Amino acid sequence: MTLKHAFLIMAHGDWGQLQLLLQQIDYPNHDIFIHIDQKQKKFPKTALELSTRFSKVHVFSKYKVFWGGYSQTMAEIYLFKKSREYGPYDYYHMMSGQDLLLVSSSKFDEFFAKNNGKEFVDFKNYQNEHDPEIKRRTKLYHLLQNYRRRFKCQFLNEIFILFERCLLALQIVLCVNRVKNLNWKIKLGSNWVSITDDLVENILKNEPKLRKIFKWTNCSDELLVQTVAFNCGFMSHMYHNFYGEDNMRLVDFSRGKNGSPYTFTIYDKDLLRKSNALIARKFSIKNSEIVDWIIKETK
């Protein structure tokens, strides 16, 4: 059985690399939906739409996206909504414009056909059980979430970080809990997921509730899919990967900086070759050797 796949891509630059990703994904039963950060005033919309032979490419620029802000969650929900208008699809793959497939499109499709119906979602189980910061993300109002990495001048960013910490400390003293009556449990994981149409339908059906929960939540994009999956009866559908992350992604935060993942280079070739992941993040066209090698290996 041939499954239909929607690739949902969050992008904010590096258009040449993005085009390489589109060409790598290009396959008869694949369609591509891109959200480009509205802060990017100029981007090659037509060139992106014409990058593929088989896949239809749809380009949107609905929101100004800020790291850690609710704007990222809104953009992801928007991609789910727009892609489903053209679907439905069997699987929806949330990706970054700095991702690459680690397998050919045919092998990618074979894997999902073999595991059809499973949800590929990463849960940070230890943090969910033991990290009080997860609860504080939703209990407190993060009023300055769009300003912590907004400016090129780091001094301005640090001022807003200080202001936000003061506001959060005040809320803790006042015992603020804006979700005290919530009948759902909040769960944490990666926002890069591969999920079925049933789960996407539940996300969209609960959008008003999700907006109320996450509008003032810090890094709500890491809570969105996990919270819906946990509270809407999808936990028995989860895929469990004995060799790595359950979302079948390879991302290296241990070598990253400032909350961003490490950028792979040609020296990571063996690591990437031995990984059983399907998608890896992140890459830069500045390290063209590794990008070229992966494109060649996955043809």
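The values are calculated or read from the model by the stated rules, or taken from the named source; none is laboratory data. Keep in mind that this is a model prediction, so the values were computed, not measured. Don't worry about glycine lacking a Cβ; one is built from the backbone with ideal geometry, like all the others, and counts go over all protein chains shown. The protein model used for the area step is the full one, side chains on, heavy atoms only, and it has no ligands, DNA or RNA in it. Shrake-Rupley method; radii C 1.70, N 1.55, O 1.52, S 1.80 Å.
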For region 121-275, what's the relative contact order in percent, using C-alpha pairs closer than 8 Å and at least 6 residues apart?
29
Can you list the HN-Hα couplings for region 133-141, worked out from phi with the Karplus curve (6.51, -1.76, 1.60; θ = phi - 60°), rounded to whole Hz and with x for Gly and Pro?
5, 4, 5, 5, 4, 9, 5, 9, 7
Which residue fluctuates the most in the chain, going by a Gaussian network model with Cα springs under 10 Å, if the choices are A169, A75, A277?
A169
Region 100-172-region 251-299 distance, computed between alpha-carbon centres (Å)
21
About the Cα centre, charge dipole magnitude for region 238-292 (Lys/Arg +1, Asp/Glu -1 at Cβ), debye:
140
Give the label of the value calculated from the structure for Rg/Rh (Cα atoms, Kirkwood Rh), choosing from [x] 0.95; [y] 1.03; [z] 0.98.
[x]
Would you mind calculating the gained length between K274 and K41 on full extension (0.36 nm times residue separation, minus the Cα-Cα distance), in nm to one decimal?
79.9 nm
Taking 41 Å as R0, compute the FRET efficiency from the Cβ-Cβ separation of R178 and A113 and round it to 0.05.
0.45
Between L143 and C232, how high is the FRET efficiency from 1/(1 + (r/R0)^6) when r is the Cβ-Cβ distance and R₀ = 30 Å? Nearest 0.05.
0.55
Restricting to Cα pairs under 8 Å and 6 or more apart, the percent relative contact order of the chain works out to 23
Would you mind calculating the relative contact order of region 1-79 from Cα pairs under 8 angstrom and at least 6 residues apart, reporting the percent as a whole number?
31
DSSP beta bridges in the chain, what fraction antiparallel, as a percent rounded to 5?
30
Can you give the accessible area per residue of the chain, in Å², using a 1.4 Å probe?
51
Simple Cβ-charge dipole of the chain, Lys/Arg +1 and Asp/Glu -1, about Cα centre, in debye nearest 20
1100
Heads up, I need the accessible area for L20: 1.4 angstrom probe, whole protein in place, Å², nearest 10.
50
Can you run phi through the Karplus equation (6.51, -1.76, 1.60; θ = phi - 60°) for region 98-104 and list ³J(HN,Hα) in whole Hz, with x for Gly and Pro?
9, 8, 9, 6, 9, 9, 5
Point-to-point label distance, K124-K152, nm (Cα→Cβ direction, 7 Å offset)
3.1
